[in-house]
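Notes follow once the structure below has been shown.
The values are calculated or read from the model by the stated rules, or taken from the named source; none is laboratory data. Everything numeric here is computed off the predicted structure, so don't read it as measured data. So basically every Cβ, Gly included, is an ideal-geometry build from the backbone, and we count neighbours across all protein chains shown.
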């Protein structure tokens with residue numbers, strides 16, 4: 001059994017993420033710990049880098065600049081579409097809603113609703129966390145060696161679940177299967 005967070009381990013952590021002003025954007029408080037496969041792009045790069053070498057019981061606090069998290073905002077990734085392009089959903093669109101998916105030659109790309117101006121919809125392909133500095137308080141609940149199935153599996157495979165229990169990617173075993 002692995003004792004430290006390193007490549008090809010599964011780390012289980014409780015965490016709270018806040019913006020610089022102290023507003024909480026995410027937390028595992030009151031939930032199961034977040035489990036992730038280290039070194040397989042399941043976490044933002046800076047988070048994983050800050051957790052390397054930690055052991056069960058360790059607590060860490062750190063701040064990630066945009067380049068260590070979701071990157072800087074890129075205004076060239078903001079486009080206009082018409083409400084008509086959203087079909088039946090057009091009347092229910094709200095600023096901040098998403099992610100939606102746009103099919104491209106490179107595959108599905110997520111976007112969010114950045115604004116609504118009359119019949120135009122501003123679609124934003126930036127992650128909503130882009131350009132933000134993030135603070136984390138993390139406690140390591142456990143570390144173990146990853147199984148061969150976890151290492152060779154798809155990035156959306158739920159950690160610790162067998163093939164039969166694997167969901168379609170949203171994390172809910174009763175959805176998307």
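Below, the figures for the structure above:
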item: When residues of segment 1-59 are limited to those that are over 15 Å from the mean Cα position of the chain (by Cα) and without any contact (Cβ under 8 Å) to a residue 12 or more places away in the chain, the one nearest to residue 148 (Cα to Cα); result: 32
item: Odd one out for residue 86, checked against (1) part of a helix (DSSP H, G or I); (2) surrounded by 12 or more Cβ atoms within 10 Å (Cβ to Cβ); (3) modelled with pLDDT of 95 or more; result: (3)
item: Condition met for residue 148 (exposed (fewer than 11 other Cβ atoms within 10 Å of the Cβ), more than 22 Å from the chain's Cα centre (by Cα), within 30 Å of residue 9 (Cα to Cα) and modelled with pLDDT under 95); result: yes
item: Positions within segment 64-79 being touching a helix residue (DSSP H, G or I) at 6+ places or on another chain (Cβ under 9 Å) and either touching a residue at least 40 places away in the same chain (Cβ under 8 Å) or farther than 24 Å from residue 21 by Cα (or both), in sequence order; result: 64, 65, 69, 72, 73
item: Meets criteria (free of Cβ contacts under 8 Å to residues at least 60 places away in the same chain, in a loop (DSSP other than H, G, I, E, B) and outside the structural domain of residue 139 (by TED's automatic domain parsing)) for residue 102; result: no
item: Scope segment 65-105; condition farther than 14 Å from residue 122 by Cβ and under 19 Å from the mean Cα position of the chain (by Cα); matching residues; result: 65, 66, 67, 68, 69, 70, 71, 72, 74, 99, 101
